[in-house]
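The values are calculated or read from the model by the stated rules, or taken from the named source; none is laboratory data. Because the structure is predicted, anything quoted here is derived from the model rather than measured. Reconstructed Cβ throughout: ideal geometry from the backbone, glycine too, with neighbour counts over all protein chains shown.
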Amino acid sequence: MPSPPGNNTAPAAGHCAHPSSGNLHPTETWVIAYWVDGLADGLYHYQSREHRLEWRASSLTASETPGLWLGFSSIHWREAWKYGERALRYCQLDMGHVLAALAYASALFGWQPRLVNLDHDTASHCLGLDRAEEFAGVEPEEAEVIVAMHVPEPGAVPVPPREWDEWSGLPSKLDPNPLYAWPVIAEAAEATRGEPPLASSPPVRGSSTGLASRPRGNDGIAATAVILKRRSAQAFDGVSTLPLACFRRLLASVLPGGSPVWDMWTATPRVHPVLFVHRVEGVAPGLYILPRSEAGVADLGAAMRGEFEWAPADSDLPLYRLIAANAQRSARTVSCHQDIAAHGAFTVMFVAEFAAPIAENPAAWRHLHWEAGMLGHCLTLEAEAAGWRGTGIGCFFDDADHDILGLQDERYQVIYHYAIGMPLDDTRITTLPAYD
Ligand SMILES: Cc1cc2nc3c(=O)[nH]c(=O)nc-3n(C[C@H](O)[C@H](O)[C@H](O)COP(=O)(O)O)c2cc1C
């Protein structure tokens, strides 16, 4: 297998706070700082390999107030050289994991990050990604979102500065010999540009009941340690049964208010988990659904198979059993025949409300994938805190998923899978300390 282009900027061996499809890490991070101790005011690029900031530009205008923003962008080629057209989806799912990782980490500091409502071109300009002469001849970098880390008053999300001076640094060429071109990726990226979704309601500080509000997990592991020791399981043991209390806590984390993520991402939930339950204490194996909104219950019920039971399966959570069955073989088949989908405690299909939100705003296509990535991240961190583990499954057969669910048209679309189980460690692999 050829080595990944852009390997020079992938994280060094060891931990990374978020998983990445194919371990290709297409997401770049930018920092805009005003009045931050130890940093000159300006725009910086996060250099993951060295775990440090690279100076990029200074601000033309002085600020009278402090400000700190993180900007994110995707380099599609990091995924495309390996995954072709699927790269765009994977970049967006990764982006969701990154946003969720940011929300959890911020909560540990008592910060409440907010998405800045900027259109794509403005965000690109703020991050210096529209400097055509510098990007000539290198792989393009697509602005995704800017997040304000310092929000002085409720409701007022500060906008980052846009005009920079004294530029330094140049983007590197990742792949001098690309074997293929996937022009549809650039077309689809352009067609899905737009502002991040507006909050449906102001976030409620401290509303979450998730990991970050419990800095010490049951087994005494600090939340920071959980965040940093997170890895994706490569295999599950196929026998362990997930305790019911743990299952319920994982499910609660993906519901509004269940994790710091939903304090940052307050838009109406549009992605709903459907679970293949294999080995969960007191829960019969089968297919279950956890609609994340009231509307989700009614509309999904109408769109899915008429013969589904919709039997309430929990006294508190909106969990419904659709059908009792041993679902291991189905879960494995629809997850590109990957054993991790059958050998864990449960595997999730994330079903997105699709056609309507995208017709209203094409950028919703990206945001739905972010939401799915965030959901996976909540499951993964909560599982990790309890001594279990998760793995994202970007390779799945959506038509087969839709057959199982009876989905006939594009109103709904499965956009991601996730598996949770008791990991089997590969003893041949050594994990190094993060950023040694
Ligand atoms: C969007 C996404 C899709 C993924 N798809 C798969 C998959 O289909 N099969 C798999 O075994 N791992 C999958 N992974 C896990 C990655 O391979 C894993 O995150 C990566 O190798 C880095 O390892 P780490 O998470 O332990 O840091 C996926 C991860 C993400 C974020």
Matching residues, segment 300-332, being more than 25 Å from the chain's Cα centre (by Cα), in contact (Cβ under 8 Å) with a residue 40 or more places away in the chain and farther than 23 Å from Gly238 by Cβ: Ala303, Met304, Arg305, Gly306, Phe308, Asp314, Asp316, Leu322
Qualifying residue in segment 340-353 (condition: away from the ligand (no atom under 13 Å from the Cβ), within 26 Å of Phe72 (Cα to Cα), in the same structural domain as Leu405 (by TED's automatic domain parsing) and small (Gly, Ala, Ser)): yes
Checklist (1) over 15 Å from the mean Cα position of the chain (by Cα); (2) within 16 Å of the ligand (Cβ to nearest atom) applied to Ala132, failing item: (2)
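Please verify whether segment 144-152 includes one or more residues that are modelled with pLDDT of 90 or more and either in a helix (DSSP H, G or I) or of a type in the set (Phe, Trp, Tyr) (or both). I'd like the intermediate steps shown before the answer.
To start, the set of residues in segment 144-152 that are modelled with pLDDT of 90 or more comprises 144-149.
Subsequent filtering for residues that are either in a helix (DSSP H, G or I) or of a type in the set (Phe, Trp, Tyr) (or both) retains none.
Within segment 144-152, none of the residues are modelled with pLDDT of 90 or more and either in a helix (DSSP H, G or I) or of a type in the set (Phe, Trp, Tyr) (or both).
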Odd one out for Leu375, checked against (1) over 14 Å from the mean Cα position of the chain (by Cα); (2) within 16 Å of the ligand (Cβ to nearest atom): (1)
Residue match in segment 291-298 (condition: at pLDDT 95 or above and among the aliphatic types (A, V, I, L, M)): no
Failed criterion for Ser63 (all others in (1) part of a helix (DSSP H, G or I); (2) surrounded by fewer than 20 Cβ atoms within 10 Å (Cβ to Cβ) hold): (1)
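Test Ala400 against the criterion of being within 16 Å of the ligand (Cβ to nearest atom), surrounded by fewer than 24 Cβ atoms within 10 Å (Cβ to Cβ) and of a type in the set (Gly, Ala, Ser), and give yes or no.
Numbers: within 16 Å of the ligand (Cβ to nearest atom): yes; surrounded by fewer than 24 Cβ atoms within 10 Å (Cβ to Cβ): yes; of a type in the set (Gly, Ala, Ser): yes.
The answer is yes for Ala400.
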Lone unmet requirement of (1) of a type in the set (Asp, Glu); (2) modelled with pLDDT of 95 or more; (3) surrounded by fewer than 17 Cβ atoms within 10 Å (Cβ to Cβ); (4) more than 19 Å from Trp182 (Cα to Cα) for Asp94: (3)
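Looking only at segment 74-123, which residues are under 21 Å from His150 (Cβ atoms) and assigned to a strand (DSSP E or B)? Before the answer, list the steps.
Step one: list which residues in segment 74-123 are under 21 Å from His150 (Cβ atoms), which gives 98-118, 122-123.
Selection gives Arg114, Leu115.
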Wholly within segment 223-333, strands (runs of 3 or more DSSP E) carrying at least 2 residues that are of a type in the set (Phe, Trp, Tyr): none
